[in-house]
1. Provide a single number: the residues in region 1-60 that are in contact with a strand residue (DSSP E or B) (Cβ under 9 Å, 6 or more places away or on another chain) and free of Cβ contacts under 8 Å to residues at least 40 places away in the same chain.
2. What do you reckon, is residue 46 modelled with pLDDT under 85, touching a helix residue (DSSP H, G or I) at 6+ places or on another chain (Cβ under 7 Å), more than 30 Å from residue 148 (Cα to Cα) and surrounded by 13 or more Cβ atoms within 10 Å (Cβ to Cβ)?
3. If you go through region 63-82 one residue at a time, do you hit one that is touching a helix residue (DSSP H, G or I) at 6+ places or on another chain (Cβ under 7 Å) and at pLDDT 80 or above?
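The values are calculated or read from the model by the stated rules, or taken from the named source; none is laboratory data. Predicted model, so just to flag it, every value in this text is computed and none were measured. As a convention, Cβ positions derive from the backbone with ideal geometry for all residues, glycine included, and neighbour counts pool all protein chains shown.
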C-alpha cells in the first residue's frame, strides 16, 4: 500500500513538474492572470475583494487585493454588489512592461531574492498583498519525488544485472532460490518485481 501511494505521488509530482516547465517556457511568450472577485457592502462603501493568480516572465504569483468604492449611491450599489465572478487576462510577453498593472504585478517590491518576492501596495482605495515565486523553484520542488523514483528504478535494474537481490543487494550467485539475507524467494530463476518487496 505504501509503495503504491509512493508511486502514485511520484507520478502526480512528475506531471506537475512537466506542467511547471511548460508554463515556465510559456511565460516568456504569453503572460496573464486569473481573477476571482467578490464585492461586499460595508456601510456606504462597496469593497471588491479579489484573489489573483498572475504570471510574468519566469515567475508566478498570488495576490490578495481590495478596492474600495466610497460613498456609492443606491443605483451604483445595485451594479457593484453581485455574486463572485471569475475573469482572466492575457497579453504577449512583449507587452509586459506596458501592461504590468493589469496583471497585478509591480516591479518595485518590498522584498525580492532570486525571483522570490513579497510586498504590500497601498494607493487610495486600493490595497494589495503580493507573493511571487520563480518557476525554477516550483520545478525543483516537484522534481524531488520523480528523481527518487528514478534512482530506485536504476538501483533495481543494476542489482538484477549483477545478480543481486533487488530487496537488499545481497549476492545471490551462491543461493539461486532464496536470498539468505532477507528471505526473498526467486521463482523460476527470476528475481521478484521491485514493487513486491522492500528496497534497501
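1. The qualifying residues number 11.
2. On the way: modelled with pLDDT under 85: yes; touching a helix residue (DSSP H, G or I) at 6+ places or on another chain (Cβ under 7 Å): yes; more than 30 Å from residue 148 (Cα to Cα): yes; surrounded by 13 or more Cβ atoms within 10 Å (Cβ to Cβ): yes.
Spelling it out, residue 46 is indeed modelled with pLDDT under 85, touching a helix residue (DSSP H, G or I) at 6+ places or on another chain (Cβ under 7 Å), more than 30 Å from residue 148 (Cα to Cα) and surrounded by 13 or more Cβ atoms within 10 Å (Cβ to Cβ).
3. Initially, region 63-82 is screened for residues touching a helix residue (DSSP H, G or I) at 6+ places or on another chain (Cβ under 7 Å), giving 69, 72.
Retained after the next criterion (residues that are at pLDDT 80 or above): none.
Checked against the condition, which is being touching a helix residue (DSSP H, G or I) at 6+ places or on another chain (Cβ under 7 Å) and at pLDDT 80 or above, region 63-82 yields no hits at all.
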